[in-house]
1. Starting from the Cα gyration tensor of the stretch 1-44, take the square roots of the eigenvalues, sort them a ≥ b ≥ c, and report rounded, prolate or oblate (rounded when a/c is under 1.5, otherwise prolate if a/b is larger than b/c, else oblate).
2. For the chain, evaluate the Debye formula with one uniform point scatterer on each Cα (no solvent term) and list log10 I(q)/I(0) at q = 0.09 Å⁻¹, rounded to two decimals.
3. Which residues in the stretch 246-263 place their backbone N less than 20 Å from a point set 7 Å from the Cα of THR318 along the Cα-to-Cβ direction?
4. In cubic angstrom, how much convex hull volume per residue do the alpha carbon atoms of the stretch 92-185 span?
5. Along the Cα→Cβ direction, 7 angstrom out, place labels at ASP250 and TYR298. What is the inter-label distance in nm?
6. Cut-off is 10 Å between beta-carbons; in what order do CYS242, CYS296 appear when sorted fewest neighbours first?
7. Could you list SER218, SER133, SER140, SER85 so that the one with the fewest beta carbons within 10 Å of its beta carbon is first and the one with the most is last?
8. Tell me, what is the Rg over Rh of the stretch 41-84, with Rh the Kirkwood radius over Cα pairs?
Amino acid sequence: YPGARIAFGFQGTGVILRLSERPSYRSGFGTSQYNVTIDGQPAPTLVTAIAGTVEEARDYPLVEGLAAGHHTVQLSRRTEAEFGSTGLVEIRVTGGGLAEAPPARLHRLEIVGDSNTTGYGIEESRPCTNTASNENWNKSFPALLASRFDAEVQTVSHSGKGVLYNTSVDDPVNLNVLYGLAIPSEPASFFVPSSFPAEAVVVLAGGNDFLNQFPSLSEFQTAYEALIDTIVLAHPDATVFCTVSPGIYDYQNPDRPVRSTVRAGIQGAVASRLALGQRVVFHEFPAASGEELNACDYHSTAEHHAQLASAIGELMATTLAWP
């Protein structure tokens, strides 16, 4: 998932990673990419390589010629799983070996959502179509929240997904199904979300449910309640922030008031779960302007992501008493 992170320390002068890359259905638009930092300083983006349609392992030199001593490395995934999935096979250190890793971050945050949580198309301006090269989770509002609160992040984020229906009417894997899969395109790739005990979860989803279908308010609310219940089961001590997307509107089709229906469904789900004693909070992002949605396919710009991070960040700081 976007935002997945590898961090380690080493004693030596250089490091080579051996990674395996498994193609996915959009690998024709690019492969997995990672932002890299060496000793806290940005390094060139790591772009994985594949040949054909089979999983392949290759060596990726990250850095060489450093002064001998202790160094730190971090890789943070820029791209969604639809561009491929990466396995860490081996870390090879030149002139030394692995050493003390960077300290763990202070908090744990989970993000569940659609393309609004992935940094979709954030490196380009309309008109453009999302590719691996113009997607960058590290500029998205979830990444900015992680930086603000010094939080490790686990994401269950995927473009086109809804809580009940997806943008593709032939796609049965909605967010309720996706939650708990390690690799979205592989139904048997289970993992246990509770192994990452999140203190807070931010959910931003609902618009895609109405893009090509129009569930009733009760259908949407029931699916949203199921997602909340699944999250709370995995993270019983977490506060779940349930948000209305900035990119949905009523005026697009007066007979299908998407924003009003999504708002009412989420508010109803939050109210019903509060009645059960769950820690849930409602938040509505203001409807975005066209200028704010100037990234590919009418997605949020980096500047708009910063606004979203500020708004939900203030609510989280107040609710959770996080500095």
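1. Because a/c hits 1.5 or more and a/b exceeds b/c, the stretch 1-44 counts as prolate.
2. Cα-only, vacuum Debye calculation for the chain: -0.47.
3. Hits in the stretch 246-263 for THR318 at 20 Å: 246.
4. 159 Å³
5. Reported label-point gap for ASP250 and TYR298 is 1.8 nm.
6. CYS296, CYS242
7. Sorted ascending by nearby Cβ count, the order is SER218, SER133, SER85, SER140.
8. 1.03
Since every read-out is calculated from the coordinates, none of them should be taken as a lab result. The structure presented is a predicted model; accordingly, all values stated were derived computationally and were not measured. Cβ coordinates were reconstructed from backbone atoms using ideal geometry, including for glycine residues, and neighbour counts include every protein chain displayed.
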